[in-house]
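Trainee: Before I ask anything, here is the structure I am working with.
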Amino acid sequence: MSNTIIELKKADLTLGSAAASVHVLKGIDLKIDEGEAVGIVGPSGSGKSTLLMVLAGLERLDSGEIHIRNTPLHNLGEDALADFRGRNIGIVFQSFHLIANMTALENVAVPLELANVSNPFDIARRELTAVGLGERLNHYPGQLSGGEQQRVAIARALAPSPAVLIADEPTGNLDTETGKQIADLLFSKQTERKMTLLLVTHDNALAARCSRQIRVRSGEIAGDSREPSKPVAAFA
């Protein structure tokens, strides 16, 4: 029996103001089960990355509800939301977001240290080794390739043992072969740790590796491979 880990109810969001405002999400209803690998696809400006930021707890809804692990994120204050996100959600971005003057080990350990996690450097060392960087612990981001930097970012996202791993165009800044290696790593870790994976991508092949594909268009769910009535059309 499947268990719902994420649920959106009539999720609505407008960004900007006055003449510059854009109605980005339009009353979205969505359920995602524990352990699913979900590819979120759609044309530029469709709202897919904003949807991902809402699911990551990084963007607030104007109206509607978001529940993750039975917690109503829409009712949480900023501190409580940040605490929940730090314990339950791992996030990987296209542009890595590593701190340039910190080593790979420090980039992974310091967020754990700030969250008062016990043995942060031991955990960071273990996670970096698990993503193939056991020999690069003391290298700075500028001394690492793009693929290695993304591995550091993945190790950082995995370090708190999150229930949900969110990745926004994780292979977008990488060449084809390195991108495939990063994708292999994400899916292997998702399977190994039984996490829920939410992945925004323009890469058709990467989206097709997910167990479910959701297509977003003009701020609405235009297709869902889980629902026969809402097939996912060819990606654009």
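Trainee: Of all residues in the range 167-211 being in contact with a strand residue (DSSP E or B) (Cβ under 8 Å, 6 or more places away or on another chain) and either assigned to a loop (DSSP other than H, G, I, E, B) or at positive phi (or both), which is modelled with the lowest pLDDT?
Mentor: Step by step, filter the range 167-211, then rank; the result is H202.
Trainee: Taking the criterion of being out of contact with any strand residue (DSSP E or B) (no Cβ under 8 Å at 6 or more places or on another chain), among the small types (G, A, S) and either without any contact (Cβ under 8 Å) to a residue 40 or more places away in the chain or more than 22 Å from G172 (Cα to Cα) (or both), would at least one residue in the range 23-39 satisfy it?
Mentor: Scanning the range 23-39 turns up no residue that is out of contact with any strand residue (DSSP E or B) (no Cβ under 8 Å at 6 or more places or on another chain), among the small types (G, A, S) and either without any contact (Cβ under 8 Å) to a residue 40 or more places away in the chain or more than 22 Å from G172 (Cα to Cα) (or both).
Trainee: Among the residues of the range 64-79, is any touching a strand residue (DSSP E or B) at 6+ places or on another chain (Cβ under 8 Å), of a type in the set (D, E) and either modelled with pLDDT of 95 or more or under 29 Å from T171 (Cβ atoms) (or both)? So that I can check it myself, show each step before the final result.
Mentor: Start the filter on the range 64-79 by keeping residues that are touching a strand residue (DSSP E or B) at 6+ places or on another chain (Cβ under 8 Å), which leaves 64-69, 72-74.
From what's left, of a type in the set (D, E): 65.
Retained after the next criterion (residues that are either modelled with pLDDT of 95 or more or under 29 Å from T171 (Cβ atoms) (or both)): 65.
The answer is yes, given that some residue of the range 64-79 is touching a strand residue (DSSP E or B) at 6+ places or on another chain (Cβ under 8 Å), of a type in the set (D, E) and either modelled with pLDDT of 95 or more or under 29 Å from T171 (Cβ atoms) (or both).
Trainee: Please verify whether the range 28-51 includes one or more residues that are open to solvent by less than 60 Å² (accessible area, probe 1.4 Å), more than 16 Å from C210 (Cβ to Cβ) and modelled with pLDDT of 95 or more.
Mentor: Going through the range 28-51, the residues open to solvent by less than 60 Å² (accessible area, probe 1.4 Å) turn out to be 28, 30, 32-33, 35-43, 46-51.
Adding the requirement that they be more than 16 Å from C210 (Cβ to Cβ) leaves 28, 43, 46-47, 49-50.
Filter again for modelled with pLDDT of 95 or more, leaving 28.
Among the residues of the range 28-51, at least one is open to solvent by less than 60 Å² (accessible area, probe 1.4 Å), more than 16 Å from C210 (Cβ to Cβ) and modelled with pLDDT of 95 or more, which makes the answer yes.
Trainee: Return the residues of the range 133-166 that are part of a loop (DSSP other than H, G, I, E, B) and closer than 28 Å to L55 by Cβ; say none if nothing qualifies.
Mentor: L133, A159, P160, S161, P162, A163
Trainee: Just for the range 162-191: of the residues that are more than 15 Å from the chain's Cα centre (by Cα) and among the polar types (S, T, N, Q), which one is most open to solvent (accessible area, probe 1.4 Å)? Don't jump to the end; show me each part of the working.
Mentor: Looking only at the range 162-191, we keep the residues that are more than 15 Å from the chain's Cα centre (by Cα), and these are 173-181, 184, 188, 191.
Restricting the remaining residues to those that are among the polar types (S, T, N, Q) gives 173, 176, 178, 181, 188, 191.
Details: N173: 86, T176: 126, T178: 30, Q181: 80, S188: 55, T191: 96 Å².
For the range 162-191, the residue satisfying everything is T176.
Trainee: Now for a separate question. Contact list please: Cβ distance under 6 Å, first residue in the range 164-175 and β-branched (V, I, T), second residue open to solvent by 20 Å² or more (accessible area, probe 1.4 Å), pairs at least six apart or on different chains.
Mentor: Within 6 Å, the pairs are I166/I91.
Trainee: Report, by residue number, each residue of the range 127-150 that is touching a Lys or Arg at 6+ places or on another chain (Cβ under 9 Å) and open to solvent by 50 Å² or more (accessible area, probe 1.4 Å).
Mentor: Filtering the range 127-150 for residues touching a Lys or Arg at 6+ places or on another chain (Cβ under 9 Å) gives 127-128, 130-134, 136-137, 143-144, 148.
Of everything in the range 127-150, those that are touching a Lys or Arg at 6+ places or on another chain (Cβ under 9 Å) and open to solvent by 50 Å² or more (accessible area, probe 1.4 Å) turn out to be G132, R136, Q143.
Trainee: Additional query: Taking only pairs six or more apart or across chains, which ones have beta-carbon atoms under 6 Å, a first residue in the range 89-102 that is among the small types (G, A, S), and a second residue that is in a loop (DSSP other than H, G, I, E, B)?
Mentor: The qualifying pairs are G90/P162.
Trainee: Within the range 102-118, identify whether any single residue is under 20 Å from R85 (Cα atoms), polar (S, T, N, Q) and either part of a loop (DSSP other than H, G, I, E, B) or at pLDDT below 95 (or both), and answer yes or no.
Mentor: Yes, that holds for at least one residue.
Trainee: Shifting gears a bit: Determine, yes or no, whether S118 is of a type in the set (G, A, S), loosely packed, with under 15 Cβ neighbours inside 10 Å and under 27 Å from R69 (Cβ atoms).
Mentor: Values: of a type in the set (G, A, S): yes; loosely packed, with under 15 Cβ neighbours inside 10 Å: yes; under 27 Å from R69 (Cβ atoms): yes.
When the stated conditions are applied, S118 passes them.
Trainee: Right, here's the next one. I91 passes all but one of (1) β-branched (V, I, T); (2) assigned to a helix (DSSP H, G or I); (3) under 19 Å from the mean Cα position of the chain (by Cα); which number fails?
Mentor: For I91, the failing item is (2).
Trainee: Let me ask something else. Could you list, in sequence order, the residues of the range 105-115 that are surrounded by fewer than 14 Cβ atoms within 10 Å (Cβ to Cβ) and among the β-branched types (V, I, T)?
Mentor: Scanning the range 105-115 gives no hits.
Trainee: Hey, another quick one. What number of residues within the range 52-87 satisfy the criterion of being under 25 Å from E220 (Cβ atoms) and either open to solvent by less than 50 Å² (accessible area, probe 1.4 Å) or touching a Lys or Arg at 6+ places or on another chain (Cβ under 6 Å) (or both)?
Mentor: Of all residues in the range 52-87, those under 25 Å from E220 (Cβ atoms) come to 52-68, 72-75.
In the following step, the residues that additionally are either open to solvent by less than 50 Å² (accessible area, probe 1.4 Å) or touching a Lys or Arg at 6+ places or on another chain (Cβ under 6 Å) (or both) were identified as 52-57, 61, 64-68, 72-73.
Counting residues in the range 52-87 that are under 25 Å from E220 (Cβ atoms) and either open to solvent by less than 50 Å² (accessible area, probe 1.4 Å) or touching a Lys or Arg at 6+ places or on another chain (Cβ under 6 Å) (or both) gives 14.
Trainee: Can you report the number of residues in the range 152-161 which are at pLDDT 95 or above and open to solvent by 10 Å² or more (accessible area, probe 1.4 Å)?
Mentor: Total satisfying the criteria: 1.
The values are calculated or read from the model by the stated rules, or taken from the named source; none is laboratory data. None of these values were measured; they are calculated from a predicted model. Quick reminder, even Gly has a Cβ in these numbers, built from the backbone with ideal geometry, and neighbours come from all protein chains shown. The accessibility values were calculated without ligands, DNA or RNA, using every heavy atom of the protein model including side chains. Shrake-Rupley method; radii C 1.70, N 1.55, O 1.52, S 1.80 Å.
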